[in-house]
Amino acid sequence: MFDYSATFACYNNVAYTQKCIESLKQSNFDMSRLVIVDNNSADNTWDYLNTLQDVHLIRNKENMGCGVAWNQGALVQQAEWTVIMNNDILVSHDWIENLIGQTIEAGLLVSSPAMIEGPTDYDWQTHLPQLESKLKGYNRPQTAHAVCLLVHNSVWQKVGYFRATPKLLGFEDTIFFFDCFKNGVAHACMGGSWIHHFGSITVKSLKEEMGIKKRSGGLGDRNNKNLLDQGFFMRKWRKMEKKRHVAACREAELQKYGATVHCVRKDGQEIWL
């Protein structure tokens, strides 16, 4: 049995939180290891959370942002492995055991499960385990994501926790991954563990609340990029290198498995990324 804890932050959208909780209950996840941080939701999220048993709850008096909430949740149980996740995901039955086990086998300290994004217009409870079996043992290096992120406790000591600045509004994961890069902490996306992600529901709500209507409009302060301590051309170069890396991995995965670790569903079709 692995020593783990999991946490996610809520900001309204109680329906997605309910779906996430139900999928966790149906998996092999120990609900006493879940910490939920409510960032002052205005709907009935807090009322719903108080109906849950065994789960640890924290309620902030205002929206403190992702970084603060993630740190609050991670510090409650301080397990060997901590999962930082969104509240708009669904998990497969053995996702947590598969994720931690494969991460240990790969000799890594940070990882993410593979995922399908979009509507649940397919039998995800059957399809996700099939993909886990197909891509078991494979991992795509340097492509972890904050939708669901597994972190070993030694990383907090070496890299630090998430930047606890509310106005970052979603830039915390970028800074964390860059800090991992600077400290030589490799990460990967694991093909043997899968989740379904509805698609940044909380981020969309925050954009609507703040009047950011363009799809390309980011939430964070435009000066946040300065926190990466990189010049314009270095950031551009790293983005280009990442695109090349992902494209190469995609082609290799499709050739070997007929699938990749990242899929988007659109009009009933699977688009492998």
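Rule-based calculations on the coordinates, nothing more; no lab input. These numbers were taken from a predicted model, which means no experiment stands behind them. Note: ideal-geometry Cβ built from the backbone for every residue, glycine included; neighbour counts use all protein chains shown.
Values for this structure:
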| read-out | value |
| --- | --- |
| Residue pairs, from the table K136/K236; K136/K167; K167/K239; K19/K61, whose Cα atoms sit over 29 Å apart | K136/K236; K136/K167 |
| Cβ-derived FRET efficiency at R0 25 Å, F2 paired with K266, nearest 0.05 | 0.10 |
| Radius of gyration, Dmax [segment 1-145; alpha carbons; angstrom] | 15.3, 45 |
| Peptides ranked, highest mean first, by Cβ atoms within 10 Å: ranges 183-196, 247-260 | 183-196, 247-260 |
| Residues K239, K19, K134 arranged by fewest to most Cβ contacts within 10 Å | K239, K134, K19 |
| Label point distance in nm, R235-K25, each placed 7 Å from Cα along Cα→Cβ | 4.4 |
| Distance between segment 171-186 and segment 136-160 - C-alpha centres, whole angstrom | 10 |
| DSSP bridge pairs, segment 4-272: antiparallel proportion in percent, nearest 5 | 40 |
| Helix-only mean residue ellipticity at 222 nm for the chain, each DSSP H run of n ≥ 4 adding -39500 (n - 2.57), per residue, nearest 500 | -12000 deg cm²/dmol |
| Inter-site label distance for K136 and L75 at 7 Å from Cα along Cβ, in nm | 4.0 |
| In segment 69-150, the chymotrypsin sites (Phe, Trp or Tyr not before Pro) that fall in loop regions by DSSP, at most 16 other Cβ within 10 Å | Y122 |
| Distance from segment 73-124 to segment 1-55 (C-alpha centre basis), Å | 14 |
